[in-house]
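Visitor: What follows is a single structure, and I will ask about it in a moment.
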Amino acid sequence: MRSGAKVAVVGGVFVLVAGGLGYGVYNVVLGGGEAGGTESASASSEVRTGPPSKSEIEETAKGFLKAWASGDAAAAALLTNNEDVAGPLLTGYSEAAHVTKAVITPGPAVGTKVPYTVKATVSYEGKTKPWSYASELTVVRGLTTGKALVDWQPTVIHPQLTEGASLKTGESSTAAIEAVDHNGKVLDKEKYPSLGPILDSLREKYGDSTGGSPGIETWIEPADTQLPDTTLLTLAKGKPGRLQTTLDAGAQAAAEKAVKQFSGASVVAVKPSTGSIRAVANNPATGFNAAMQGEQAPGSTMKIVTAAMLIEKGLASANSPIECPKDVMYQGNTFHNLKYFSLPDTDTFTTSFARSCNTAFIKKIDDVNDDAALAKEARDVFGIGLNWKTGVVSVDGSVPEASGGVAAAQYIGQGTVQMNALNMASITATARNGTFRQPVLVPRELDDRQLAVASRSLSQNVTRQLNDMMRATASWGTGKAAMSSVRGDKGAKTGSAEVDGQGTSNSWFTGFNNDLAAAAVVQSGGHGGDAAGPVVAAVLRAGS
């Protein structure tokens, strides 16, 4: 116990421990005991303005945490700026989540924020288990009263709690699962944290069909009933049912490690010959599965699709020369290459692809003479927008029909093109073999779902040219440094996507190695080869 404070405990209790705010000692009893204190506002009738003072922050946090610790949800809710929403959640902490004891230890205030740790005990039908976590609150000034109040957010109760969600403890609604990779190796969220949301989704969808039985758990029940529950604590394990996935434990481990290098990164690996998803990783690892559900401009990695379209239409070929000026104007919009570089007119399309020349692609738009051509190529060959059924919630990319400058921007992966790491890994997998195979995370046979099918494949000639151009990018082009450690038959494409209001471009990279394709995006990572490239290379080295 910090600072030598002593707390008398009577019955089932919540206790506030003296911490960095210099709190006194309280004897508190769940459902009774001393009240939670008062809001720290001026005693005068004058409504105070401006940021709360240090003393107001300390007193408000003190009053709120003391009331919460004593189990007095009503008093704690009064000390927030949203009493109607805070009250039910605070009440549910003991009544619905069945927390019978909690020791709350606040730390020193950092500006208006007060961090704290909670060491709780959850009890349900004779099953009891300790539960620990950390969170924080923020003190603000009430808009109408001028009083210092806790700015109510669901994360005050628990850092993973979202708007409209609630904490529950009881028998789980679905049976537990034991997910295994394609070789039968067990996959769990402790060892592979990025799989947490995915395993929750798989359990929600397939738990009752795998032969398992429910356990006793504490979980977050989201407001959106289409989303899975998030298990926070297991009091008693049920019998897990075995669920086969297409993942590869080695590739997944490498992906988890690789994305941790950056504050915002996602990567996916796909097996071109089957469409099997071998790895999915995100940093941060919990919450939104950006690798499969994100929607962002993919930058020059999109040139794989544009190149396929131009070659199919006979407007370019890997070994034919193509113009690459430093900049080009199209319908009032100016496009330029990185640092305004240009290439000799005798250089081939492969060189422009490997060096990521924007203008070489945009200069061809008039020759295409069809504003919808890129959208058709993305859909009909690469399967983009065909309602993929991967086994969990995923977004299958979007290339809307466009015209003018927007259409030109799409040629280089900007404008209205929206992709995620899964989409770009799949595009690379399609380019690798010439045929789209819809990515899957669990075998189709598990639920006999209908997979998306593209209307046509690339010819062997076009497929060969795309592979050769990607090989050039990996061996001497913009992907050389990132792919230098990858052995075998390898290819790549780099990309950097400009985002409005963001000082540094997002880093994109996609590549293949033998029968594995992978793609990654790093937020504000800059050039594709600098940040996303090493992430992809790490997964390709480890995958199978």
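Visitor: What distance in nm lies between label points placed 7 Å from Cα along the C-beta direction at Arg456 and Asn387?
Guide: According to this spin-label approximation, the distance is 2.3 nm.
Visitor: Using only the Cα atoms of the chain, what do you get for the radius of gyration and for Dmax, in Å?
Guide: Expressed in Å, the Cα Rg and Dmax of the chain come to 27.7, 86.
Visitor: Note down the nm distance, to one decimal, between modelled labels 7 Å out along Cα→Cβ at Lys313 and at Asp380.
Guide: In this crude spin-label approximation the distance works out to 1.2 nm.
Visitor: Right, next: Identify, among Ile57, Asn337, Gly543, the residue whose Cα sits farthest towards the positive end of the charge dipole of the chain, taking +1 on the Cβ of Lys and Arg and -1 on the Cβ of Asp and Glu, with the dipole about the Cα centre.
Guide: Value computed over the given set: Gly543.
Visitor: In debye, nearest 20: dipole of segment 177-244 around its Cα centre with unit charges on the Cβ of K, R (+) and D, E (-)?
Guide: Here segment 177-244 has a charge dipole of around 320 debye.
Visitor: Assuming a strict under-24 Å limit between Cα atoms, what lysine pair count do you get for segment 370-528 once near-sequence pairs (fewer than 8 apart, same chain) are dropped?
Guide: Close lysine pairs found across segment 370-528: 4.
Visitor: Exactly which chymotrypsin sites (Phe, Trp or Tyr not before Pro) in segment 188-274 are in a DSSP loop and have at most 16 other Cβ atoms within 10 Å?
Guide: none
Visitor: Using a Förster distance of 25 Å, how high is the FRET efficiency between Thr128 and Thr225, based on the Cβ-Cβ distance and rounded to 0.05?
Guide: Computed FRET efficiency for Thr128 and Thr225: 0.25.
Visitor: State which entries of Lys113/Lys237; Lys66/Lys129; Lys260/Lys339 exceed 28 angstrom in Cα-Cα distance in the structure shown.
Guide: Lys113/Lys237; Lys260/Lys339
Visitor: Please work out how much length the chain gains when fully extended from Gln293 to Arg464, using 0.36 nm per residue of separation minus the C-alpha to C-alpha distance, in nm with one decimal.
Guide: Full extension from Gln293 to Arg464 adds 58.5 nm.
Visitor: What ranking do Glu136, Glu59, Glu190 get, fewest neighbouring Cβ atoms within 10 angstrom at the top?
Guide: Least crowded to most crowded, the residues run Glu190, Glu136, Glu59.
Visitor: Taking Cα pairs under 8 Å and at least six residues apart, what relative contact order does the chain come out at, in percent?
Guide: Relative CO of the chain lands at 11 percent.
Visitor: Evaluate E = 1/(1 + (r/R0)^6) for Ser263 and Glu171, where r is the Cβ-Cβ distance and R0 equals 41 Å; express this FRET efficiency to the nearest 0.05.
Guide: 0.60
Visitor: What is the distance in Å between the Cα centres of segment 470-544 and segment 228-265?
Guide: 24 Å
Visitor: If you don't mind, another one. Could you run the Debye sum over the Cα atoms of segment 251-542, one equal point scatterer each and no solvent, and tell me log10 of I(q)/I(0) at q = 0.07, 0.12 Å⁻¹, two decimals?
Guide: -0.21, -0.66
Visitor: Looking at segment 177-244, send over the antiparallel percent of its DSSP beta bridges, to the nearest 5.
Guide: Bridges in segment 177-244 are about 60 percent antiparallel.
Visitor: Using 0.36 nm times the number of residues separating Phe341 and Ser213, minus their current alpha carbon distance, what extension gain do you get?
Guide: Working it through step by step, the gained length comes to 39.8 nm.
Visitor: Can you give the calculated 222 nm mean residue ellipticity of the chain, where each DSSP H run of n ≥ 4 adds -39,500 (n - 2.57) and the sum is split over every residue, rounded to the nearest 500 deg cm²/dmol?
Guide: Helix contribution divided over all residues of the chain: -7500 deg cm²/dmol.
Visitor: Now a separate question. Using 1/(1 + (r/R0)^6) with R0 = 41 angstrom and r between the beta carbons of Thr121 and Thr144, what's the FRET efficiency to the nearest 0.05?
Guide: 0.60
Visitor: Of the chymotrypsin sites (Phe, Trp or Tyr not before Pro) in segment 451-544, which ones lie in a loop per DSSP and count no more than 14 other C-beta atoms within 10 Å?
Guide: Trp476
Visitor: Cut-off is 10 Å between beta-carbons; in what order do Ser273, Ser507 appear when sorted fewest neighbours first?
Guide: Ser273, Ser507
Visitor: Determine, for Leu247, Leu343, the number of other Cβ atoms within 10 Å of each Cβ, and report the residues in order from fewest to most.
Guide: Ranking Leu247, Leu343 by Cβ neighbours within 10 Å, fewest first, gives Leu343, Leu247.
Visitor: Let me ask something else. With both partners inside the chain, how many of the DSSP beta bridges are antiparallel, as a percent to the nearest 5?
Guide: 90 percent
Visitor: Report, in order of residue number, the helices in the chain meeting two criteria: a C-alpha extent of 30 Å or more along the helix axis, and a mean Kyte-Doolittle hydropathy of at least -0.5; treat each whole DSSP H run as one helix.
Guide: Flagged H segments: there are none.
No value in this document is a laboratory result; all are computed from the given coordinates. What you see is a predicted model; the values in this text were computed from it and never measured. Don't worry about glycine lacking a Cβ; one is built from the backbone with ideal geometry, like all the others, and counts go over all protein chains shown.
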